[in-house]
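The values are calculated or read from the model by the stated rules, or taken from the named source; none is laboratory data. It should be emphasised that the depicted structure is a prediction, and the values quoted were computed from it without experimental measurement. All Cβ positions, even for glycine, are placed from backbone atoms using ideal geometry, and neighbour counts span all protein chains on display. When the accessible area is computed, the model is the full protein with side chains, heavy atoms only, and any ligands, DNA or RNA have been set aside. Shrake-Rupley method; radii C 1.70, N 1.55, O 1.52, S 1.80 Å.
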Amino acid sequence: MVTRMYRVILFFVIFNCVAHMCCAQDSINTNDVKVIEAKSEIIIRRYFSNLLNTISYAGAESTDIKELIKQSFKDSAKQLFLNDQIAITDDISDPDYSNSSNAPDVTATQYLNAFNTFYGKSDSNSVYISDVRSSHIKKGNKNIFINVYFTSFFKNICLSHPSTPYKPAKRVAEIFIRRGNNNKWLLYISRIGFFNPSDTVNDYLDNIAIADAKNPSELSDRFDETLDSTEKFNLYIDQARIEENKRNYQAAIDLYSKAIVLAPDKRDFYEPRIKELTTSFGILTDLGQKYNAGNYKDAIKGYTELLKKPGLNSGYSNSDYYLGRAKCFDKMGQLTKSYNEQVEYYSEALQDYVKSYEYDHDNVETIRCREDLNKRMNRH
């Protein structure tokens, strides 16, 4: 009887512990969302990209590459993948692999070894990852996860098909999420495949509920408690770059400033960027006010003047100026009652959106506006 009672009590205790762990895992607030989204995009934009570029570096020793691949699965600070058996859809061994229907799934170990074998080596970075954006946080059967969508492009040749160049590919990475020690969020890549838009039709159904914080200061305190100074610095910098890509320059300036407070020794590196953003923000604000007031032709003159000598501007600035001018043409095309004028304005806008994208592949606003215009022009 005593033994039976002990088992019942033990079961009750274990059940409550497991239930508490599940609730803690599923209970996230807006601050958790910010941290998880930023970390997930950093994993793809920085760490996954760096791993592939290091493997394809001509000066890397074979033993170093093998050790690097091994470390990406180990339970350590350098762990990138959930384990060495996760599935990755092959986009390396054959440049014609372009979707999940014609490309096989391989394990992460096989994928990285294939990358080391079939992808050409070079002395500079040749793997480019852009258009990085994260989904809502989602609830799986046993864990929560987040999808990160991105475009990958391999510049070097495929050694097994040297006459066929790689093409940019739309990819999606599933990122496994769990709480670690000290309440920190740990994220690992659990799958990578080709992106199929039809897979996101019912994407919202497994979105996890987000609890809003009652006191904003509590969010800030918790944010500070769950990250050390180095992690906070890296998060501020990466989030600042994300805000730059979204063209939220004031937010980016604030984040860079916070990062400098945490690492004063890096002030000389980031202050020039803050000054550049402040100048750009002022110029774009003035022209943006003309746009908002409906003075589209005056705004176009201003952008055109800035684009007379594109070589004197940064690529970032040129992307912004072409985007600004494109939006003016786009708006004029929407407002005109003349069909011929609309065709002309839309054509001018599309050309400028394309130029804006050429100068900065990560300009999220350009990508969004160009896609919207293509839909209105029935150009799918």
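Laid out as a table, the results:
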| item | result |
| --- | --- |
| Residue check, residue 76 surrounded by fewer than 15 Cβ atoms within 10 Å (Cβ to Cβ) and either modelled with pLDDT of 90 or more or more than 25 Å from residue 163 (Cβ to Cβ) (or both) | yes |
| Matching residues, region 360-375, being open to solvent by 30 Å² or more (accessible area, probe 1.4 Å) and touching a Lys or Arg at 6+ places or on another chain (Cβ under 8 Å) | 364, 365 |
| Complete set of residues in region 336-380 that are of a type in the set (Val, Ile, Thr) and modelled with pLDDT under 90 | 364, 366, 367 |
| Sole exception among (1) in contact with an Asp or Glu (Cβ under 7 Å, 6 or more places away or on another chain); (2) open to solvent by 20 Å² or more (accessible area, probe 1.4 Å); (3) part of a strand (DSSP E or B) for residue 161, by number | (3) |
| Filter result (assigned to a helix (DSSP H, G or I), of a type in the set (Gly, Ala, Ser) and touching a helix residue (DSSP H, G or I) at 6+ places or on another chain (Cβ under 7 Å)) within region 32-91 | 38 |
| From 100, 130, 126, 93, residue being more than 26 Å from residue 239 (Cβ to Cβ), open to solvent by less than 20 Å² (accessible area, probe 1.4 Å) and touching a Ser or Thr at 6+ places or on another chain (Cβ under 7 Å) | 126 |
| So residue 327, is it surrounded by fewer than 20 Cβ atoms within 10 Å (Cβ to Cβ) and either touching a residue at least 60 places away in the same chain (Cβ under 8 Å) or part of a helix (DSSP H, G or I) (or both) | no |
| Candidate set: region 292-311, residues that are within 29 Å of the chain's Cα centre (by Cα) and part of a helix (DSSP H, G or I); chosen: the one nearest to residue 248 (Cα to Cα) | 303 |
| Residues of region 183-194 classified as without any contact (Cβ under 8 Å) to a residue 60 or more places away in the chain and open to solvent by less than 60 Å² (accessible area, probe 1.4 Å), total | 2 |
| Residue match in region 94-104 (condition: of a type in the set (D, E, K, R) and not in a strand (DSSP E or B)) | yes |
| Among (1) aromatic (Phe, Trp, Tyr); (2) out of contact with any Phe, Trp or Tyr (no Cβ under 6 Å at 6 or more places or on another chain); (3) open to solvent by 70 Å² or more (accessible area, probe 1.4 Å) - the single one residue 111 does not satisfy | (3) |
| Flag for residue 223 being surrounded by 14 or more Cβ atoms within 10 Å (Cβ to Cβ), of a type in the set (Phe, Trp, Tyr) and at pLDDT below 80 | yes |
| Any hit, region 143-157, residues being at pLDDT below 90, more than 15 Å from residue 91 (Cα to Cα) and surrounded by fewer than 20 Cβ atoms within 10 Å (Cβ to Cβ) | yes |
| Counted residues, region 330-354 - those being β-branched (Val, Ile, Thr) and open to solvent by less than 40 Å² (accessible area, probe 1.4 Å) | 1 |
